[in-house]
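These notes are about the structure you will find just below.
Derivation of every value follows stated rules applied to the coordinates shown; laboratory data play no part. The structure presented is a predicted model; accordingly, all values stated were derived computationally and were not measured. Note that each Cβ is placed from the backbone with ideal geometry, even for glycine, and that neighbours are counted across all protein chains shown.
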Amino acid sequence: MRAAQDGTQAIQIEGLTHRFGDVLALDEVSFDVSVGEVVGLLGPNGAGKTTTINVLSTLLVPDSGRAWVAGHDVLAEPRAVRDVISLTGQFAALDDMLTGRENLILFGRLRSLSKAEAAARADDLLGRFDLADAASKRVGTYSGGMRRRLDLAASLVVPAPVLFLDEPTTGLDPRSRAELWTIVRELRDDGLTIMLTTQYLEEADQLADRIVVIDHGRVVAEGTPAELKDRAGGYACVVVPVELSRLDECAAALASFGEPAVDRDTGSVTVADAGPDALAQIIASLNGIELADISLRRPTLDEVFLQLTGESPENPA
């Protein structure tokens, strides 16, 4: 068994198993999260991501296994764990009839802050999350992005070293999502340890220092975004002929470099595992076919996800 008090690890998980009836939600899940690290927890619907967070935040008792958060045993010391974590769930836990400031003061009072302390902390967070102008407005009038920022602010009323974000940007427009990404980066810069689940693979690519992929309740891969992309095949060569009618001809010419994938919607042919050294040979093999574009690119996390789980990345909640 690993040491439960390893000061370099903010979260330690060892062999977590949990069933919901006949469904095995967690199957011997084990991984660590270092202090100050942002880890993205990815997987298809029902993979076990939210169940993992619920165990770590003491909302669920696993059937077997152990876990520690900031050195505290999740099973033996649940009160101590709750004192060192913040949690933003999938759905905003706000009172629509109260103003933004009143919501934050309420959360502060529930966390044993004095009236003056709660008010001061509310004003500080409203400014930090760009909500000061809406502080006196009822939350029921807030946009989705404003509600999500306020919900995240509410989870930080009493500072804690470990933050769990369960799909923090689901349903937000691109601008609101980018604003929340900025906040998450600032929290990371403040030294918080952050574990987030997300249905946007670009989000994990942008924010996570390391990614853990869960499928059918088991950890199937973990590493930095770059390491996972390397695992999926390094580089790919994308060829776009000027004439769409020559796509099949391009594919035939590139067959010796790997299995070419023809995409008629984009008018391109892609060959995986084509490193920079192969680019000149690929151009020569096309034998004069006029090209609109040719490029080398790393695999996307969408492609990594598809390779690891066999699931479409279009809705990997």
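Figures for the structure shown
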| read-out | value |
| --- | --- |
| Per-residue Cβ neighbour rank within 10 angstrom, fewest leading, K137, K49, K115, K229 | K115, K137, K229, K49 |
| Cβ-derived FRET efficiency at R0 51 Å, E202 paired with E117, nearest 0.05 | 0.85 |
| Anisotropy class of the chain from Cα gyration tensor, a/c 1.5 cut | prolate |
| Shape category assigned to the stretch 101-212 from the gyration tensor of Cα positions, a/c cut at 1.5 | oblate |
| Per residue convex hull volume, Cα atoms of the stretch 172-271, in Å³ | 161 Å³ |
| In nm, spacing of pseudo-spin labels at A132 and T8 (7 Å Cα→C-beta vector) | 4.2 nm |
| At 1.567 mPa s and 4 °C, Stokes diffusion of the stretch 235-297 via Kirkwood alpha-carbon radius, µm² per second | 116 µm²/s |
| E186 versus T141: modelled label distance in nm, points set 7 Å from Cα along the beta carbon direction | 2.4 nm |
| Antiparallel %, DSSP beta bridges [both residues in the chain], to 5 | 65 percent |
| Where only alpha carbons of the stretch 62-140 are counted, the Rg and the Dmax (Å) | 16.0, 48 |
| Distance in nm between pseudo-label sites at A226 and V61 (7 Å out along the Cβ direction from Cα) | 4.5 nm |
| Selected from R101, R111, R188 as most flexible by GNM, with the chain as the system and alpha-carbon contacts under 10 Å | R111 |
| Dipole of the chain [Lys/Arg +1, Asp/Glu -1 at C-beta], most positive-end residue of V158, T300, G89 | V158 |
| Cα centroid of the stretch 115-170 to Cα centroid of the stretch 281-302, whole Å | 47 Å |
